[in-house]
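Quick notes on the structure that follows.
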Amino acid sequence: MTNNLSFKDKCKVYLAQWLVKLGKLTHDDFTKAELNALVKDSFPYTFVFEIPIGAGTVSVLEGKVTLDNESNRIGLQCLSAVKIDVAATTIYRAHVVFTLSATPVYDKNMSTLYLTGLTTDSVTLVNDDYALIKDTQFLLTRFFPKSVNSLLGGPLKSALSLFSAGTSDMAADYLTLYLSGSKQAVLDYHVPHIDSALKKQITQKDLTHTMRDNHWREVLFSKLGQNVRVEEGVLRFYLRQ
């Protein structure tokens, strides 16, 4: 597995193997900076989530690795832009920070690191100049014919009943989220939808890393790797003698 290494890196693997046999080298650490370099090319990317009317999108702008020593979890904290459009008009937008985490598990037979038990740990609203929310009055006057304007003083569902009877209740219940003008309330409603859509985007391939044959440290670990844990603020790869 060393054929794709330079002569200098082959020597490093050979020397490291001897140090392991002598008990001088027991593990190799990957820092957050090194892990961030591995994931930086994954951003930005966009995915959609379902809403009762209109379309919701999340643009993941950037992400950084987090390490939890106590729980042995490796995480990814992402800054994202959430946007909700109805009839080609943006009615909600906000920056949010969400954090995912998983447990690292190493399969020495496959020379592969797996991330298991993926969870969405938090979704936090960022109050900044990007934030926008339209109230229900705006939505009705913007999206429904002028003939409905006379009903705006009455119940929302009465106005919506002039349209599709099969979806009016669902649409009305959804639009009432905007009555308070609370960006947090709208986000809280959509967190399960965003969580579900996000996890659909993440494949098994995204949660695995097979040791590469052109990186000498990973070649060493493919030969002598035992297990992996989050310890002392690093992702620690233990080596066997």
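Details
- Candidate set from segment 182-203 (those that are open to solvent by less than 70 Å² (accessible area, probe 1.4 Å) and polar (S, T, N, Q)); member that is farthest from residue 100 (Cα to Cα): 182
- Pair list, Cβ < 7 Å and 6+ apart or interchain, from segment 182-203 residues that are without any contact (Cβ under 8 Å) to a residue 40 or more places away in the chain to residues that are surrounded by 13 or more Cβ atoms within 10 Å (Cβ to Cβ): 185/177; 189/177
Yes or no, residue by residue, for (1) at pLDDT 95 or above; (2) surrounded by 13 or more Cβ atoms within 10 Å (Cβ to Cβ); (3) in contact with a Cys (Cβ under 9 Å, 6 or more places away or on another chain); (4) not hydrophobic (A, V, I, L, M, F, W, C):
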site: 23; (1), (2), (3), (4): no, no, no, yes
site: 33; (1), (2), (3), (4): yes, no, no, no
site: 41; (1), (2), (3), (4): no, no, no, yes
site: 55; (1), (2), (3), (4): no, yes, no, no
site: 60; (1), (2), (3), (4): yes, yes, yes, no
site: 73; (1), (2), (3), (4): yes, yes, no, yes
site: 92; (1), (2), (3), (4): yes, yes, no, yes
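- Segment 64-107 - residue that is touching a Phe, Trp or Tyr at 6+ places or on another chain (Cβ under 6 Å) and assigned to a strand (DSSP E or B) and, of those, farthest from residue 188 (Cα to Cα): 105
- Every condition in (1) modelled with pLDDT under 95; (2) of a type in the set (A, V, I, L, M, F, W, C); (3) within 31 Å of the chain's Cα centre (by Cα) is met by residue 143 except one, and the failing one is (3).
The values are calculated or read from the model by the stated rules, or taken from the named source; none is laboratory data. Note that this is a predicted model, so its numbers are computed, not measured. Please note: Cβ atoms are built from the backbone with ideal geometry, for glycine as well, and neighbour counts cover all protein chains shown. With ligands, DNA and RNA removed, areas are computed over all heavy atoms of the protein, side chains included. Shrake-Rupley method; radii C 1.70, N 1.55, O 1.52, S 1.80 Å.
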